[in-house]
Every structure is written in C-alpha cells, then in structure tokens.
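Q: I am attaching a structure below and will ask some questions about it afterwards.
Nothing in this text is a laboratory measurement; each read-out follows from the coordinates by a stated rule. Because the structure is a prediction, the values reported are computed rather than measured. Please note: Cβ atoms are built from the backbone with ideal geometry, for glycine as well, and neighbour counts cover all protein chains shown.
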Amino acid sequence: MHPTIKAIDLMMGIPSDEDRRDWYEFMKPLLMDEESRTMMQMPAQFLFKDLPKTGPHEDFIGYVTDQMDAHGVERAMVGFDEHSPIMQTAWKSHRDRFFFDLPVNANHGMEEVRRIKRLHKEYGIKAVSAFPSGITPQVPINDKKWYPIYAACVELDIPFCCCVGVPGPRLPMEAQRVDLIDEVCWFFPELKFVMRHGAEPWEDMAVKLMLKYPNLYYSTSAFAPKHYPEAIIDYANKRGPDKIMYAGYFPMGLGLDRIARDMPNVPFKDDVWPKFLRENAMRVFDL
C-alpha cells in the first residue's frame, strides 16, 4: 500500500465460506432483473473485472489478516453481526486488527436506536453504516426515519458511514442523491458523516458540501485507486487533506493486491498520504 505507512482500511469483510452470496440477501426484494436475482455472485458484479476468489480456508480470519499483512494494512473496519460466530471470534481475539461498524435499517425505528446503543456498550462499535438504496423499503438520506439514528450517533460520538451516489446494484438511486446530505449536515452539525462508494456522478457536489460542512468526510470504498474521482484527488491535495480517507472493498469486489498495485500511481502530495491512509481515520473514528 505504502512503504512506510501502516494503512487503516475503512471497508473490509471477513467471509465465513467461499460463497458470499448470502451477504446480499437483504436487497433481493428490490432486485427486478433475472441476472441480479439469480446469476451474479454479487449484485454489482458487472462493475468489477475480477471478483476476489477467497477459496476454502479452515481459518478465514487468518486468511484475511495474512492478506492485510501482505499489503501493509494494520487495521480494518468490518460490518458487525452479533449472531455471526466468525464476528464473535474477531471481536474476542482480534481487536488489534479489526474494529466494527454496525449496518442499520432506518425502517426499524426506535428498535434500531436501542440496538445501536446496546451494541456500542457491549462491543464498542466504532461507527454506524447504511445503504439507503439497498434497504426495503428504501429510505432517502434526508428522510426523518434516519433522524433518531443520526441523533444516536451524535450522542455516542461515532461516525455515520453512508453509501452515496448511484448504487452499483440495479436499484433506484434517488435515496442516495448527494445533495440530500446538505440538510443532514445542516441539522446535525455534530454528526460525523462519512460518504462511501464514490458519490458518482456528483463528485463535485460532494466536494462542495465538504467545503461547506466541517463534519462531512469521504472514503474511497469500492473504487480501485486508478478510478478515484479526479475531483476528490484534487480536493485532497488542496483544501481537503483532512477529509479524504482510504477504504477498500475486499473481498466484496476488489482484491488488496489490485488496490496495492494501483495505489502508487495516485497523484496525492507527499503530505497527504499519511492523512489519507491512516491519520484521518484514527481521528474521525477515535482509534
């Protein structure tokens, strides 16, 4: 990743077997085309040339940490499921390598708020994450259903990590329009809002809003470094070096070898690299 900087990866998964299709069951009610519903390994497969093949392993946690070690990743944030044995093992025995975000659904109301607070207390979750276009029914970023969750994140002082822009899977995009973030950052100035998954085609809007709101950030999840938006690189090099953070997408769509191979060609300035790969994540996620 970098010869001297130990990276913090803000989006990684730990598989429990080599078939990862069950990770996407939650969005099946929204998938209308036959290819998405039955044929793809993951619903945005058409966007990625070569999905990582994990193969079978007796110890998937060991497999993932070996991949991290091989590519200079010190710690990674993974989505937490308290009912998953492999996540329980990662939490109990590997907190030096993993910290956790909690995927949430705003349709669940106060039940979800109570779950966030309980798991924060019991497991020390470091963030809440959301896929507004992927939950059923979809809930736009500025919908008031999210407001109790935003308030809980402020109260717990943890970031809200949110997919923004056109979703990769064949789902309606309206819920993830980047301009919807404006109202949220205005009403919740203490909320640390972290954009995920590119913000395309509204990268310029994302930059404009980061200039406007000190509590808005951007992570590079699901994009190979060669495809980082030009507007984001330019912003990081000029007015936003404290706002842009590294996130991969292993093993969902990108291999760490592909990311590491592309990364040296990203034209960040020398003083941006430690902030992008490590320091911003340490600060924003209180690591």
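Q: What shape does the range 72-213 take by its C-alpha gyration tensor, where a ≥ b ≥ c are the square roots of the eigenvalues and a/c under 1.5 counts as rounded, a/b above b/c as prolate, and the rest as oblate?
A: Details: a/c = 1.63, a/b = 1.48, b/c = 1.10.
Here the range 72-213 falls in the prolate category.
Q: Add +1 for every Lys or Arg and -1 for every Asp or Glu among the other residues with Cβ under 15 Å from the Cβ of Pro140, and state the total.
A: Numbers: positive: Lys144, Lys145, Arg177; negative: Asp143, Glu174, Asp179, Asp182, Glu183.
With Lys, Arg at +1 and Asp, Glu at -1, the net is -2.
Q: Using modelled amide H (1.01 Å from N, peptide plane; none on Pro or chain starts), what sits under 5 Å from the amide H of Phe250, excluding residues fewer than 5 places away?
A: Residues meeting the criterion, in which the H sits 1.01 Å from N, are Gly13.
Q: Ok, one more. Give the shape of the chain as rounded, prolate or oblate, defined through the alpha-carbon gyration tensor: a ≥ b ≥ c are the square roots of its eigenvalues, a/c under 1.5 means rounded, and otherwise the shape is prolate if a/b is larger than b/c and oblate if not. Display every interim value, and only then the final one.
A: Working: a/c = 1.19, a/b = 1.03, b/c = 1.16.
The shape class here is rounded.
Q: Beyond a 30 Å Cα-Cα separation, which of these cross-linked pairs lie in this structure: Lys6/Lys238; Lys28/Lys145; Lys121/Lys208; Lys6/Lys121; Lys6/Lys28; Lys145/Lys275?
A: On the way: Lys6/Lys238 23 Å; Lys28/Lys145 22 Å; Lys121/Lys208 35 Å; Lys6/Lys121 28 Å; Lys6/Lys28 37 Å; Lys145/Lys275 33 Å.
Going by Cα-Cα distance, Lys121/Lys208; Lys6/Lys28; Lys145/Lys275 fall outside the 30 Å limit.
Q: Using modelled amide H (1.01 Å from N, peptide plane; none on Pro or chain starts), what sits under 5 Å from the amide H of Glu200, excluding residues fewer than 5 places away?
A: Result for Glu200 returns Val166.
Q: Sticking with this structure for a sec: Which is the longest stretch in the chain that no exposed loop site breaks, taking sites as trypsin sites (Lys or Arg not before Pro) with a DSSP loop state and at most 15 other Cβ atoms within 10 Å? Each step should come with its number before you reach the end.
A: Numbers: sites that count: Lys6, Lys49, Lys53, Arg95, Lys238, Arg239, Lys269.
Value returned for the longest uninterrupted segment is 96-237.
Q: Read phi for every residue in the range 167-176 and hand back ³J(HN,Hα) as whole Hz from Karplus 6.51 cos²θ - 1.76 cosθ + 1.60, θ = phi - 60°, with x for Gly and Pro.
A: Running phi through 6.51 cos²θ - 1.76 cosθ + 1.60 with θ = phi - 60° gives x, x, x, 7, 10, x, 9, 3, 5, 10 Hz.
Q: Before rounding to the nearest 500, sum -39500 (n - 2.57) across all DSSP H runs of length at least 4 in the chain and divide by the residue total; then give [θ] at 222 nm in deg cm²/dmol. Could you put the intermediate results ahead of the total?
A: Numbers: 9 runs with 82 residues, N = 287.
Calculated from helices alone, the mean residue ellipticity at 222 nm is -8000 deg cm²/dmol.
Q: Please name which of Leu256, Gly13, Leu211 has its Cα lying farthest along the dipole of the chain towards the positive end, using unit charges on Cβ (Lys, Arg +1; Asp, Glu -1) and the Cα centre as origin.
A: Leu211
Q: For an R0 of 22 angstrom, estimate the FRET efficiency from the Cβ-Cβ distance between Asp50 and Lys28 and round to the nearest 0.05.
A: Details: r = 24 Å, r/R0 = 1.10.
Between Asp50 and Lys28 the formula returns 0.35.
Q: Suppose a student asked you for the relative contact order of the range 7-284, using Cα pairs under 8 Å spaced at least 6 residues apart; what percent would you report?
A: 21 percent
Q: Between Lys6 and Ser84, what length comes free when the chain is fully extended (0.36 nm per residue of separation minus the Cα-Cα distance, one decimal in nm)? Present the calculation step by step, with values, prior to reporting the outcome.
A: On the way: separation 78, 0.36 × 78 = 28.08 nm, distance 2.81 nm.
Extra length from Lys6 to Ser84 when fully extended: 25.3 nm.
Q: Would you mind getting me the FRET efficiency between Met282 and Glu35? Use the beta-carbon distance for r and R0 = 51 Å, nearest 0.05.
A: That gives a FRET efficiency of 0.80.
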